[in-house]
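Asks: One structure, pasted below without further comment.
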Amino acid sequence: MLIKQLSVFLENKKGRLMEVTQVLGEANVNMSAFSVADTSEFGILRMIVSDPEKAVEVLKAKDFSVKLTDVVCLNAPNQPGSLAKALQILGNDGVFIEYMYAFSMGESANVVLKPKNLDKCIKVLQDHKMELVKASDLYKL
Amino acid sequence: MIWNEKMECASRELMSEVQSERLVNTVKRSYHNVPFFRKKMQEMHLVPEDIKGIEDLHKLPFTVKQDMRDNYPYGLFAVPMSEIVRLHASSGTTGKPTVVGYTRKDLASWAEVVTRTLAMAGVHKEDIVQVAYGYGLFTGGLGIHYGTENLGASVIPISGGNTKKQIQLMRDFGSTVLACTPSYALYLAEVIEEMGISPEELKIRIGIFGAEPWSQNMRLEIEKRLGLKAIDIFGLSEIIGPGVSCECECQNGLHINEDHFIPEIIDPETHEPLPGGSYGELVFTTISKEGIPMIRYRTRDLTRLNYEKCECGRTLVRMEKCTGRSDDMLIIRGVNVFPSQIESVLLEMSETAPHYQLIVEREGTMDSLTLQVEVEERFFSDEIRELQGLRKKIAHNIQSTLGISVNVKLVEPKTIERTAGKAKRVIDKRKI
């Protein structure tokens, strides 16, 4: 259930994002989800990649500050109101979300969640029969 | 006006005589009362009798700022505490300040030298002197204060900050002399303009500016915007505070009160005394101070000396405006900052300090300090909140240790330029 998300520290500087993607591309690491959190001075790049360990290794070799963080990925129908429903369930049970990002593909959408309490989040979603994406499946996308 | 014509216009023979007599006396007192100094002399196989006059000054050991820290707080005092009537301190590395103590006679000598400097600058009894240097542990405020009273002029002891009130009192009280740091003077000029007050409404005619380096251009700008004559004053708490030297109205070098503080110029590398006129590190020996005499104190300021008689009539040796320092100390908004202090703040937060770089800039009139810190993996969190928290914590710790605000910028690892593997700690972009 747990998914290893790759995070990279980036200064707000021209070309840095391109360099990260280039390094990963050269190492034959594919990205299936991607988001950037930014402030006026720096940003954090968060992604789901095909081979997290390898990604860490190649980025570290290029002096990037990287980190693997456990997240969960929810699969919800790609239709109005489905994300609201999931968030309501989590909210009712007091699961605090640090950040999230989503991408949709045809019939369904994947929502990457970083809850404050990972175990509780998984349990609440499973109790409500919500579908969680397996790491191996997500890395392959 | 020349306050003490006898000493300020003394012949070189008379000055050397006075200096020699006082030096011999100072060495004797220090040797017998300061164990640290005695030990240093003994290590060099020197006894007080070896010092017969200023020609023997070069034989004596140097004193450096670290000696003051090692003997914190009172180890270098040459009199019992019952004789000390005032303590001052300057900000120090790793949280420990350097402490200086004054006897009643020291306070009188201090007032005397400050009075001389004010008179040199053209201040007289009728003047109203607004002292906008900080009052407190810093020697600036109280130093100028007692000199002004001694001169017989009126003091407005407003201390630093509170800019709008400064300007209000300047106008309402008719201040004629402003004493503060040059950067604060420029800031005052800016706010005066913003408030729509024209310089004609103010009576300020002389500025006594010091405690930080400033350029000739800055002088011209201050003079133009505030309509005053900007005089450079120099001092350091280890020697006495403000009043060590000051420009006269000729504004051509700072006259050193050398019957109280003997200056020398040394080569900062070899420590050899340099002949008159050479650039080098300024070293002072106090010869009238009782509380904490300083023998050959290395100021780390770089300058040169001019022994020619000045047009103003004074024969007191003149030092050029300081051009730099032989160590890495920065003076930011009047506060002494060593990069090592920043490092020790960062060290408190983790076992090894991250790579960092200080960038000092002058934005408009105020100095600003940016601290770039490399976000190594151990500091990296994938949450914005945590990283912002890290920035705030560093800025807060620096503020509380050094008393100076700093903008912390998080940068990627290995992005701070390294020369021969070592990071360059300071980039001073100020054009002083």
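Asks: What average count of beta carbons from other chains do you get within 10 Å of the Cβ of residues in B:372-385? Walk me through the numbers on the way to the answer.
Replies: Values: counts 1, 0, 3, 6, 3, 7, 1, 2, 8, 5, 17, 7, 8, 2.
Mean inter-chain Cβ contacts per residue within 10 Å come to 5.
Asks: Expressed in nm to one decimal, what extension gain is obtained for the pair B:His271 and B:Arg378 from 0.36 nm per residue of sequence separation less their Cα-Cα distance?
Replies: On the way: separation 107, 0.36 × 107 = 38.52 nm, distance 4.31 nm.
Contour length minus the Cα-Cα distance gives 34.2 nm.
Asks: With +1 on each Lys and Arg Cβ and -1 on each Asp and Glu Cβ, how big is the dipole of chain A about its Cα centre, in debye rounded to the nearest 20? Don't skip to the answer; put the middle values down first.
Replies: Working: 17 positive and 17 negative charges, 16 e Å.
Charge dipole, chain A, about its Cα centre: 80 debye, nearest 20.
Asks: Excluding B:Met1 itself, what net charge comes from residues whose Cβ is under 12 Å from its Cβ, given Lys and Arg +1 and Asp and Glu -1?
Replies: Values: positive: B:Arg116, B:Lys125, B:Arg314; negative: B:Glu5, B:Glu8, B:Glu126, B:Asp127, B:Glu249.
Computed value for this residue: -2.
Asks: Shape verdict for region A:66-137, please, from the Cα gyration tensor: rounded (a/c under 1.5), prolate (a/b greater than b/c) or oblate. Could the numbers behind the result be given before it?
Replies: Values: a/c = 1.59, a/b = 1.10, b/c = 1.44.
Taking the square roots of the gyration eigenvalues as a ≥ b ≥ c, region A:66-137 is oblate.
Asks: In debye, nearest 20, what is the charge dipole magnitude of the protein assembly as shown about its Cα centre with +1 on Lys and Arg Cβ and -1 on Asp and Glu Cβ, if you could check? Working shown, then result.
Replies: Numbers: 70 positive and 77 negative charges, 159 e Å.
That gives a dipole near 760 debye.
Asks: Another question, if that's okay. Ignoring everything except DSSP H segments at least 4 long, calculate the 222 nm mean residue ellipticity for the protein assembly as shown; use -39,500 (n - 2.57) per segment, divide by total residues, nearest 500. Before the final figure, lay out each step's value.
Replies: Values: 16 runs with 184 residues, N = 573.
Value at 222 nm, helices only: -10000 deg cm²/dmol.
Asks: In whole angstrom, note down how far apart the Cα centers of region A:12-49 and region B:193-263 are.
Replies: Centre-to-centre (Cα) distance: 53 Å.
Asks: Moving to a separate point now. For B:Tyr146, B:Tyr279, which order do you get if you count the other beta carbons within 10 Å of each Cβ and list the fewest first? Walk me through the numbers before you get to the answer.
Replies: Details: B:Tyr146 20, B:Tyr279 14.
Starting with the residue having the fewest Cβ neighbours, the order is B:Tyr279, B:Tyr146.
Asks: Then there's this: With the dipole of the protein assembly as shown worked out from charges on the C-beta (+1 for Lys and Arg, -1 for Asp and Glu) around the Cα centre, which of A:Leu90, B:Ser288, A:Met18 lies farthest toward the positive end?
Replies: Positive-end residue among those listed: A:Leu90.
Asks: Can you tell me which of B:3-9, B:301-307 comes out highest on packing, and rank the rest after it, using the mean Cβ neighbours within 10 Å?
Replies: Working: B:3-9: 16.4, B:301-307: 18.4.
Put in order of decreasing packing, that is B:301-307, B:3-9.
Asks: Related question: Based only on the alpha carbon positions, what is the Kirkwood hydrodynamic radius of region B:205-287, in angstrom?
Replies: Numbers: mean 1/r = 0.0707 Å⁻¹.
That comes to 14.2 Å for region B:205-287.
Asks: List every DSSP H helix in chain B whose Cα atoms extend 20 Å or more along the helix's own long axis and whose mean Kyte-Doolittle hydropathy is at least -1.0. Walk me through the intermediate numbers first.
Replies: Working: long enough: B:12-33 (31 Å, -1.09); B:104-121 (26 Å, 0.12); B:384-402 (27 Å, -0.48).
Both cut-offs are met by B:104-121, B:384-402.
Asks: Take peptides A:66-75, B:129-138, A:83-92 and line them up by average Cβ neighbours within 10 Å, highest first, as a rough protection proxy.
Replies: Values: A:66-75: 19.7, B:129-138: 22.2, A:83-92: 14.3.
In descending order of packing, they fall as B:129-138, A:66-75, A:83-92.
Asks: From other protein chains only, count the Cβ atoms within 10 Å of every residue's Cβ in B:405-415, then give the mean.
Replies: Numbers: counts 0, 0, 1, 1, 3, 6, 5, 10, 7, 4, 4.
Mean shielding by partner chains, rounded to a whole number: 4.
Asks: Related question: When Rg is the radius of gyration of the Cα atoms in region B:33-132 and Rh is its Kirkwood radius, what does Rg/Rh come to?
Replies: With Rg and the Kirkwood Rh in hand, the quotient comes to 1.06.
Asks: Using amide H atoms built 1.01 Å from N in the peptide plane, name the residues 5+ places from B:Ala230, or on other chains, whose amide H lies under 5 Å from its own.
Replies: Here B:Gly207 satisfy the definition.
Asks: Measure out, as a whole number of angstrom, how far apart the alpha-carbon centroids of region B:347-421 and region B:155-177 sit.
Replies: Their Cα centres are 36 Å away from one another.
Asks: Rounded to the nearest 20 debye, what is the charge dipole size of region A:72-131 about its Cα centre when +1 sits on each Lys and Arg Cβ and -1 on each Asp and Glu Cβ? Write out the running numbers ahead of the final one.
Replies: Numbers: 6 positive and 6 negative charges, 22 e Å.
In debye, rounded to 20, region A:72-131 gives about 100.
Asks: Just name one of B:Pro157, B:Ser278, A:Leu45: the one whose Cα is farthest towards the positive end of the charge dipole of the protein assembly as shown (beta-carbon charges, Lys/Arg +1, Asp/Glu -1).
Replies: The residue sitting farthest along the positive end of the dipole is A:Leu45.
Asks: Just want the answer: with Cβ charges of +1 for Lys and Arg and -1 for Asp and Glu, which residue in B:Leu46, B:Leu220, B:Leu137 is farthest toward the dipole's positive end in the protein assembly as shown?
Replies: The residue sitting most towards the positive pole is B:Leu137.
Asks: In a shell of Cβ-Cβ distance under 9 Å around B:Thr63, excluding B:Thr63 itself, what net charge do Lys and Arg (+1) and Asp and Glu (-1) give?
Replies: On the way: positive: B:Lys40, B:Lys65, B:Arg296, B:Arg298; negative: B:Asp67, B:Glu238.
My count for the surroundings of B:Thr63 gives +2.
Asks: Another question, if that's okay. So how do B:179-192, B:356-369, B:235-248, A:98-111 stack up, highest first, on mean other-Cβ count within 10 Å? Kindly include the intermediate steps, with their values, before the conclusion.
Replies: Working: B:179-192: 22.9, B:356-369: 17.0, B:235-248: 26.5, A:98-111: 15.1.
Ranked by mean Cβ neighbours within 10 Å, highest first: B:235-248, B:179-192, B:356-369, A:98-111.
Asks: Quick one: what Rg and Dmax do you get for region B:214-363 from the alpha carbons, in Å?
Replies: Reported Rg and Dmax, both Å: 17.8, 59.
Asks: Where does the charge balance sit around A:Cys121 when Lys and Arg score +1, Asp and Glu -1, over other residues with C-beta under 12 Å from its C-beta?
Replies: Values: positive: A:Lys114, A:Lys116, A:Lys120, A:Lys123; negative: A:Asp70, A:Asp93, A:Glu98, A:Asp119, A:Asp127.
Its environment carries a net charge of -1.
Asks: Starting from the exponent 0.38 and prefactor 2.2 Å, build the expected Rg for the protein assembly as shown from its residue count and divide its actual Cα Rg by it. Please report the intermediate quantities before stating the final value.
Replies: Details: Rg = 31.6 Å, N = 573, 2.2 N^0.38 = 24.6 Å.
Dividing the Cα Rg of the protein assembly as shown by 2.2 N^0.38 Å gives 1.28.
Asks: Please quote Rg/Rh for region B:279-432 to two decimal places, taking the Kirkwood radius as Rh and restricting both calculations to Cα atoms.
Replies: Details: Rg = 20.1 Å, Rh = 18.4 Å.
Rounded to two decimals, Rg/Rh equals 1.10.
Asks: Report the equivalent ellipsoid semi-axes for chain B in whole Å, largest first, defined as the square roots of five times the eigenvalues of the gyration tensor built from alpha carbon atoms.
Replies: 35, 30, 19
Readers should treat all values here as calculations from the given coordinates under stated rules, not as data from a laboratory. Please read these numbers as outputs of a predicted model, since none were measured by experiment. Reconstructed Cβ throughout: ideal geometry from the backbone, glycine too, with neighbour counts over all protein chains shown.
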